[in-house]
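The values are calculated or read from the model by the stated rules, or taken from the named source; none is laboratory data. Quick caveat, the model's predicted, so the values are computed rather than measured. Here the Cβ positions follow ideal geometry from the backbone for every residue, glycine too, while neighbour counts run over all protein chains shown. To get the accessible areas, we keep the full protein, side chains included, count just its heavy atoms, and leave off ligands, DNA and RNA. Shrake-Rupley method; radii C 1.70, N 1.55, O 1.52, S 1.80 Å.
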Amino acid sequence: MSADPIQAPAPPDPAESGIQVLDRVVGLLGLLGEASEGGAQLSRLAAGLGLSASTAHRLLAALEHHGWVERVEGGRRYRLGTALIGLAGQAAEGTGLRRLCRPALTRLTGESGETTFLIVRSGLNAVVVDRQEGAYVIESLTHGVGGLIPLGVGAGSAAILASQPPAEIEEVLAANGVRYPQFGTSGVQVRRRVQQIQQDGYLLSEDSLISGLAVLSVAIRPAGHNVTAAIAMNFIASRHDQAARHAFLGLARQEAARIEAALALPGSLPRPSSIGVP
């Protein structure tokens, strides 16, 4: 009896191949987002996604052609390109949340002289969708509008995580656990901060990941809307005593309440299932 003929492997499904490429591109953009303005080397990007250097280089070249990626340090490193700034702005305005919250950020910065942020959730991450600069330049983990960090890292991001259901908090902590050390923290520390926010209803602390900074944040949780966001403020700790800090916190809570009341009005924002991308 003759042996069964050896069948040639089926050719790859073009749709499946396309999805694989898309997943890799998204993965590269995510790694570059974590790398901040200093960028990342090709070898690190390839290793982070389990790709060969040639495959990673080919994908990066395509992204560079569209302006989504650019080279730094004489072409040895890559970072996110300026073309993404326009897309980020369009996404931020897409729900109208940034437009609604901007007067609140402007008032807070005007009253305090400090930099304020509007943070929203995006899956396992938190993204800065608006920022009002204070009277002096201040360092932040997110490096401005469009900055992305793991959910739970940073003041506004921690306030957002603390507002989630218990089971979801556990899922986020488990999924982001390996990423937290890259930002100088750990799952244990994030959990501790989340529990403190849940107990107090806000965050006001000098326990910042950037030395010398104090932080405060208040979650925005309007009834009837699928929005997950927070107002945050960073300032040099030595500039303000406890009385001033609590005054800023009171202002931030008032502004969050105003936003929540505005969102409760009919037609204030559209109601798709992904507002705030929770």
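Values computed for the structure shown
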{"item": "Where L124, L213, L29 fall by accessible area, highest first, once all protein chains stay in place (1.4 Å)", "result": "L124, L29, L213"}
{"item": "Protein accessible area in the range 20-80, 1.4 Å probe - carbon and sulfur %", "result": "53 percent"}
{"item": "Extension gain (nm, one decimal) between A262 and S17, 0.36 nm per residue minus Cα-Cα", "result": "83.7 nm"}
{"item": "The range 20-80 - accessible surface per residue (Å², probe 1.4 Å)", "result": "55 Å²"}
{"item": "Gain in span if fully extended, V178 to I236, counting 0.36 nm per residue against the direct Cα distance", "result": "18.0 nm"}
{"item": "Rel. contact order, % - alpha carbon contacts under 8 angstrom, at least six apart, the range 87-264", "result": "21 percent"}
{"item": "Extreme residue, positive dipole direction of the range 20-80, given options L42, W68, L28 (C-beta unit charges)", "result": "L42"}
{"item": "Rounded accessible area per residue of the range 87-264, 1.4 Å, Å²", "result": "43 Å²"}
{"item": "T228 long-range amide H proximity, modeled H, under 5 Å", "result": "R121"}
